[in-house]
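Enquirer: Quick one: this structure, given as structure tokens, is what I'll be asking you about.
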Amino acid sequence: MFKIVVCVSGGGTNLQAIIHGVDQGAVENTKIAKVISNNRGAYALERARQAGIEAVCVSPKDYEDREAFNQAFVQEIEKTEPDLIVLAGFLVTLPVQLIHRYANRIINIHPSLIPSFCGTGYYGLKVHEAVLARGVKITGATVHFVDEGMDTGPIIMQKAVAVREDDTPKTLQKRVMEEAEWVILPWCINLIAGGKVRVENGRVFVSE
Ligand code: GAR
């Protein structure tokens, strides 16, 4: 069984899509071993518990400095020995040691077509506000491996979503989630669990 840990900070709709994918068999041979949040109030934790998944909060507020938090966070991950770490709306910068230890075994979902509207300051609704302000006609979502940079790792999959003239940041966010994020994140996990994804020179290749 391929073991994943999902890290979350907020509502957890992407987590829900993964749970659904596992339950329905779209994500094969995979177990969500644990859900970790930095935010005690994250509804994602509740979603995990309702699905019978261990749900843990590791909050920076409970530690005296960043180093202590990082250590606790890494320990929580390592207890589970996951095959893959999935960042599903996780708004905390990962400790560099974790990124090295889990090279090409951490993925993130970002709500734009990277390299547009990504990097420092681009998260959640802010991404969609920036998309509308710039007036692009196509946006979407990206699943990528996590490296030391901010949204710079090898791209695994992207899905485009049309921007409408009457979109607000909220309507656009909802459509990007429904049409792109909830589709490609479980899909990518299934491909990785099935051993179908390899990274070569910073590029991702998917085999049938
Ligand atoms: C999602 O739109 C995800 O792409 C985004 O946060 C939202 C979390 O929603 N992530 C980022 O912006 C990361 N840079 P959810 O908690 O309902 O899955």
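Enquirer: Rounded to two decimals, what is the ratio between the C-alpha radius of gyration of the range 1-152 and 2.2 N^0.38 Å? Before the final figure, lay out the partial values.
Expert: On the way: Rg = 15.5 Å, N = 152, 2.2 N^0.38 = 14.8 Å.
In units of the globular-protein estimate, the range 1-152 measures up at 1.04.
Enquirer: Name the most mobile residue of 129, 76, 64, meaning the one with the largest mean-square fluctuation, in a Gaussian network model of the chain with Cα contacts below 10 Å.
Expert: 64
Enquirer: So what J values fall out for the range 137-154 if you push phi through Karplus, 6.51 cos²θ - 1.76 cosθ + 1.60 with θ = phi - 60°, rounded to Hz, Gly and Pro as x?
Expert: 9, 10, 10, x, 9, 9, 10, 9, 6, 9, 10, 6, x, 9, 6, 10, x, x
Enquirer: State the dimensionless ratio Rg/Rh of the range 12-56 (Rg: radius of gyration of Cα atoms; Rh: Kirkwood radius).
Expert: My calculation puts Rg/Rh at 0.96.
Enquirer: Given the options 163, 188, 127, identify the residue whose Cα lies farthest towards the positive end of the charge dipole of the chain (+1 on Cβ of Lys, Arg; -1 on Cβ of Asp, Glu).
Expert: After comparing all options, I get 163.
Enquirer: How much length would be gained if the chain were fully extended between residue 203 and residue 72, taking 0.36 nm per residue of separation minus their Cα-Cα distance, in nm to one decimal?
Expert: My answer for the length gained is 44.0 nm.
Enquirer: For the range 67-208, would you read off the P(r) tail past 23 Å as a percentage of all alpha carbon pairs?
Expert: 37
Enquirer: Also, quick follow-up: For the pair residue 93 and residue 56, how long in nm is the line joining their label points, each one 7 Å along Cα→Cβ?
Expert: Taking the two extended label points, one gets 2.4 nm.
Enquirer: With a Förster radius of 25 Å, plug the Cβ-Cβ distance of residue 162 and residue 126 into 1/(1 + (r/R0)^6) and report the FRET value to the nearest 0.05.
Expert: 0.80
Enquirer: Write down the radius of gyration of the range 38-81 and its Dmax, each obtained from C-alpha positions, in Å.
Expert: Gyration radius and largest Cα-Cα distance of the range 38-81: 11.5, 33 Å.
Enquirer: Next question. Counting heavy atoms of the protein chains only and a 1.4 Å probe, report the per residue accessible area for the range 71-208 as a whole number of Å². The partial results should precede the final answer.
Expert: Numbers: 6960 Å² over 138 residues.
I get 50 Å² per residue for this part.
Enquirer: If I build a Gaussian network model for the chain, linking alpha-carbon pairs within less than 10 angstrom, which residue out of 77, 109, 18 has the largest mean-square fluctuation?
Expert: In this elastic network of the chain, the residue with the biggest mean-square fluctuation among 77, 109, 18 is 77.
Enquirer: Right, here's the next one. Could you work out which residue, out of 22, 197, 96, moves most in a Gaussian network model of the chain, that is, has the largest mean-square fluctuation with Cα springs under 10 Å?
Expert: Checking each option, the largest mean-square fluctuation is seen for 96.
Enquirer: In addition: Bins of 5 Å, beginning at zero and ending with the bin holding the largest distance: percent of Cα pairs per bin for the range 93-166, please.
Expert: For the range 93-166, the binned pair fractions read 3, 17, 27, 21, 15, 9, 5, 3, 1 percent.
Enquirer: Beyond 11 Å, what percent of the Cα pairs of the range 142-181 remain?
Expert: Working: 522 of 780 pairs.
Cα-Cα pairs in the range 142-181 separated by more than 11 Å: 67 percent.
Enquirer: Can you compute the charge dipole magnitude of the chain about its Cα centre, using +1 on each Lys and Arg Cβ and -1 on each Asp and Glu Cβ, nothing else charged? Give it in debye, rounded to the nearest 20.
Expert: Dipole of the chain, to the nearest 20 debye: 240 debye.
Enquirer: Out of the chymotrypsin sites (Phe, Trp or Tyr not before Pro) in the range 108-208, which ones are loop residues according to DSSP with at most 14 other C-beta atoms within 10 Å?
Expert: none
Enquirer: Relative to the longest principal axis of the chain, what angle (0 to 90°, nearest 10) does the C-alpha long axis of helix 125-134 take?
Expert: 20
Enquirer: Is the C-alpha gyration tensor of the range 61-121 telling us rounded, prolate or oblate? Criteria: a/c under 1.5 is rounded; beyond that, a/b larger than b/c is prolate, otherwise oblate.
Expert: Oblate is the answer for the range 61-121, as a/c is 1.5 or above yet b/c matches or exceeds a/b.
Enquirer: Here's another thing I want to ask about it. Rounded to the nearest percent, how much of the accessible area of the range 89-182 (1.4 Å probe, protein heavy atoms only) is carbon and sulfur?
Expert: 54
The values are calculated or read from the model by the stated rules, or taken from the named source; none is laboratory data. Just so it is clear, the model here is predicted, and its values are computed rather than measured. As a convention, Cβ positions derive from the backbone with ideal geometry for all residues, glycine included, and neighbour counts pool all protein chains shown. Just the protein is used for accessible areas: all its heavy atoms, side chains included, with ligands, DNA and RNA removed. Shrake-Rupley method; radii C 1.70, N 1.55, O 1.52, S 1.80 Å.
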